[in-house]
Amino acid sequence: MKFIKNTTRIQEQDDAALIARYKISGDLESLGLLYSKYMHLVFGVCLNYLKDEEQSKDAVMQIFEELVIKLKVHEVQNFKSWLHVLSRNYCLMAIRKNSKHTTVSMEDSFVENAEFVHLDLDDTKEETLTVMERCMEKLPEEQRISVQLFYLEEKCYKEVADLTGYEMLKVKSYIQNGKRNLKICIERNSGE
């Protein structure tokens with residue numbers, strides 16, 4: 001089995017080199033090379049969430065535009081997983097934005113329709129996201145910031161400590177307590 005090489009390490013180094021080149025020079029060609037390696041995965045994530053091929057193609061381009069800005073700001077250790085999270089978050093926000101602007105035609109039979117209406121899963125996701133956002137706002141500032149950096153921006157404890165100036169033990173405590181408080185709040189408010 002010695003003839004099988006582990007290319008994961010090489011690929012991560014190549015990604016890191018392209019990221020470094022882009023950050024130093026701002027060269028979009030380097031970023032384009034990096035993005036093209038994972039574009040099919042971004043499209044797959046978008047198609048999974050958006051359920052529309054054309055909308056997913058547009059999302060792939062929009063995510064690239066976000067990448068141009070965000071990659072200069074964020075320290076990325078594993079580009080592939082970071083890009084997956086960025087793509088997922090973009091799609092969730094797009095779904096949320098689109099659900100606010102949906103219109104329903106009111107036909108005469110609509111009001112009189114006595115059939116049981118099933119809950120739409122997208123509405124459930126939307127409701128859960130809304131409840132979670134409200135609960136995040138209710139957390140004490142240290143917990144909210146630590147939870148956001150750790151879970152949503154996928155920073156490690158050390159990065160959270162460096163970014164916030166909190167002690168490492170405090171960061172762990174804020175994340176643990178914030179997660180628990182967030183869970184309690186979401187459970188209390190899910191039935192509303």
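A few remarks follow.
- Tally of Lys pairs whose C-alpha atoms are under 17 Å apart, taken over segment 121-192, 8 or more apart or cross-chain: 10
- Potential extension, Lys138-Leu41 segment - 0.36 nm per residue separation minus Cα distance: 31.4 nm
- Those lysines that a straight Cα-Cα span of less than 22 Å connects to Lys57, excepting residues fewer than 8 apart in one chain: Lys37, Lys70, Lys80, Lys97, Lys100
- Straightening the chain between Asn78 and Ile24 buys 17.6 nm, computed as 0.36 nm per residue apart minus the Cα-Cα spacing.
- Order by protection proxy (mean Cβ within 10 Å, highest first), peptides 173-184, 61-72: 173-184, 61-72
- Here the label points at Asp162 and Leu33, each 7 Å from Cα along the C-beta direction, are separated by 2.6 nm in the simple model.
- Between Thr130 and Arg88, the modelled label-to-label distance comes to 2.3 nm, taking each label 7 Å out from Cα in the direction of the beta carbon.
- Phi angles across segment 78-91 convert, under the Karplus curve 6.51 cos²θ - 1.76 cosθ + 1.60 with θ = phi - 60°, into 3J(HN,Hα) values of 10, 4, 4, 6, 5, 5, 4, 5, 4, 5, 4, 4, 4, 5 Hz, Gly and Pro given as x.
Every number in this text was worked out from the coordinates using simple rules, so none of it is lab data. These figures come from a predicted structure and were not determined experimentally. Quick reminder, even Gly has a Cβ in these numbers, built from the backbone with ideal geometry, and neighbours come from all protein chains shown.
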